[in-house]
Amino acid sequence: MNKKLLAALSGGAALVLALTGCGGGGEDKGKKLDDWAKKVCDTMQPQVKKIQQANASITSVRTEEDSKKVQRTDSAAFQANVDAYNALAQSVQNAGAPPVDSGKANQEDAVKALKDLAASYKTLKTKVDALDTSDRAKFSEGLKNMAADLGKLSGKSGDALKKFQSGDAGQAMAKQESCKIPASMPPAQV
């Protein structure tokens, strides 16, 4: 019942992981850039974990037959994502612009993308809360429609987040332990 929604959620998780600069390393471009990356990564990691946990809770009910339980779980997970994406936006804002070319513009784009994600999850929470759980067919159809919405939102925010973690800033972030993905906490899966 929740399979399409899970597929779309994994796209949102990928954006967060991209934002945290997970990936290859690079040469040290200076203490200032490394200090900035550490500040960003250290404040973002707890939020990334909250998003992963929220997505895992959605995964845990993908075969659940009780529509009310699915609704409660999804609603709580969407609210957790709202809170986490807003906190991520605040973390990026508070860290300041990365000390690289176009750093300020990239930071502003990333903050906007994260706030957009939070707003979209708030909309999804409102939608899931409004679904009729007494009719399984209607409930399932509502979840499918929400999955399509989530898929669209993942695409529109991806460019700004990729730009934010690219180049020297992305390389500096990738070197930070707090920006590495814990093996025990994979993103939501289909």
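Test LYS29 against the stated conditions and say whether it is at pLDDT below 85, among the basic types (Lys, Arg) and closer than 22 Å to ALA118 by Cα.
Values: at pLDDT below 85: yes; among the basic types (Lys, Arg): yes; closer than 22 Å to ALA118 by Cα: no.
Here the answer is no, as LYS29 does not meet what is asked.
TYR121 is checked against (1) in a helix (DSSP H, G or I); (2) surrounded by fewer than 15 Cβ atoms within 10 Å (Cβ to Cβ) and fails just one. What number does that condition carry?
Of (1) in a helix (DSSP H, G or I); (2) surrounded by fewer than 15 Cβ atoms within 10 Å (Cβ to Cβ), only one is false for TYR121: (2).
Please enumerate the residues belonging to the range 30-72 that are in a helix (DSSP H, G or I), under 21 Å from SER134 (Cα atoms) and charged (D, E, K, R).
Within the range 30-72, LYS68, LYS69, ARG72 meet the criteria.
So the check is Cβ under 8 Å with 6+ separation or different chains; which pairs have a first residue in the range 50-72 that's in contact (Cβ under 8 Å) with a residue 60 or more places away in the chain and a second one that's assigned to a helix (DSSP H, G or I) and open to solvent by 90 Å² or more (accessible area, probe 1.4 Å)?
ARG62/LYS3; SER67/ARG136
List pairs: first in the range 147-175 and farther than 14 Å from VAL92 by Cβ and surrounded by fewer than 21 Cβ atoms within 10 Å (Cβ to Cβ), second of a type in the set (Val, Ile, Thr) and modelled with pLDDT of 70 or more, Cβ under 8 Å, 6+ apart or cross-chain?
If the second residue must be of a type in the set (Val, Ile, Thr) and modelled with pLDDT of 70 or more, the pairs left are ASP149/THR123; GLY167/VAL100; ASP168/VAL100.
The values are calculated or read from the model by the stated rules, or taken from the named source; none is laboratory data. Given the structure is predicted, the values throughout are model-derived calculations rather than measurements. Here the Cβ is made from the backbone with ideal geometry for all residues, glycine too, and neighbour counts use every protein chain on show. Just so you know, the surface numbers come from the protein's heavy atoms only, side chains and all, with ligands and any DNA or RNA stripped out. Shrake-Rupley method; radii C 1.70, N 1.55, O 1.52, S 1.80 Å.
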